Amino acid sequence: MCKAELIKEYGDVPAVDANEEQLKQVFINLLLNAAQAIVHRGVIRVKTYVHEKQAVIEIADTGAGISKEQLPKIFDPFFTTKEPGKGTGLGLSISYDIIRKHKGRIEVESEVGKGTTFRIFLPLAKRV
């Protein structure tokens with residue numbers, strides 16, 4: 001039985017200068033978190049596009065959402081919204097650091113009961 005429908009909306013995005021393995025780790029962390037946030041059945045949407053000379057990767061879910069009180073802490077090491085024993089609280093912290101090392105940024109919007117959207121912004125590769 002499938003817990004979530006995965007919807008892919010890939011835009012025409014030019015290359016970025018990045019470490020592929022590190023970005024894979026970021027995307028896996030966000031996709032796993034999205035799946036874990038969905039209690040019964042929901043949707044995970046992955047969307048890519050260009051905005052202001054940056055590649056944008058958006059991962060959104062229809063899961064439980066994150067409270068306004070917890071949002072400012074989600075990128076802190078060892079902070080987790082999961083019940084004890086269900087997570088280390090390192091995935092988002094590591095993801096945040098990886099994106100910063102790539103000269104990008106990561107943003108989050110969330111509403112309890114409606115879901116969460118993460119947006120990763122990465123500079124486009126310089127053309128030679």
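The values are calculated or read from the model by the stated rules, or taken from the named source; none is laboratory data. Quick caveat, the model's predicted, so the values are computed rather than measured. No Cβ is skipped: glycine too gets one built from the backbone with ideal geometry, and neighbour counts run over all protein chains shown.
Do we find a residue being closer than 26 Å to K126 by Cβ, touching a residue at least 60 places away in the same chain (Cβ under 8 Å) and charged (D, E, K, R) anywhere in the stretch 1-12? Walk me through how you get there before you give the answer.
If we filter the stretch 1-12 for residues that are closer than 26 Å to K126 by Cβ, which is where we start, we get 10-12.
From what's left, touching a residue at least 60 places away in the same chain (Cβ under 8 Å): none.
No, the stretch 1-12 contains no residue that is closer than 26 Å to K126 by Cβ, touching a residue at least 60 places away in the same chain (Cβ under 8 Å) and charged (D, E, K, R).
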Next item on the list: Search the stretch 45-76 for residues being exposed (fewer than 14 other Cβ atoms within 10 Å of the Cβ) and among the acidic types (D, E), and hand back the single one that is nearest to K8 (Cα to Cα).
Entry: E52
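If you check G89 against the conditions, is it in contact with a Phe, Trp or Tyr (Cβ under 6 Å, 6 or more places away or on another chain), farther than 26 Å from A125 by Cα and surrounded by 14 or more Cβ atoms within 10 Å (Cβ to Cβ)?
Values: in contact with a Phe, Trp or Tyr (Cβ under 6 Å, 6 or more places away or on another chain): yes; farther than 26 Å from A125 by Cα: yes; surrounded by 14 or more Cβ atoms within 10 Å (Cβ to Cβ): yes.
Judged against the criteria, G89 is a match.
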Checklist line | the stretch 22-58, residues that are touching a Ser or Thr at 6+ places or on another chain (Cβ under 9 Å) and small (G, A, S) | finding: A34, A37, G42, A55
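Does F27 fit the bill of being aromatic (F, W, Y), modelled with pLDDT of 90 or more, buried (at least 18 other Cβ atoms within 10 Å of the Cβ) and on the phi < 0 side of the Ramachandran plot?
Numbers: aromatic (F, W, Y): yes; modelled with pLDDT of 90 or more: yes; buried (at least 18 other Cβ atoms within 10 Å of the Cβ): no; on the phi < 0 side of the Ramachandran plot: yes.
So F27 fails the test.
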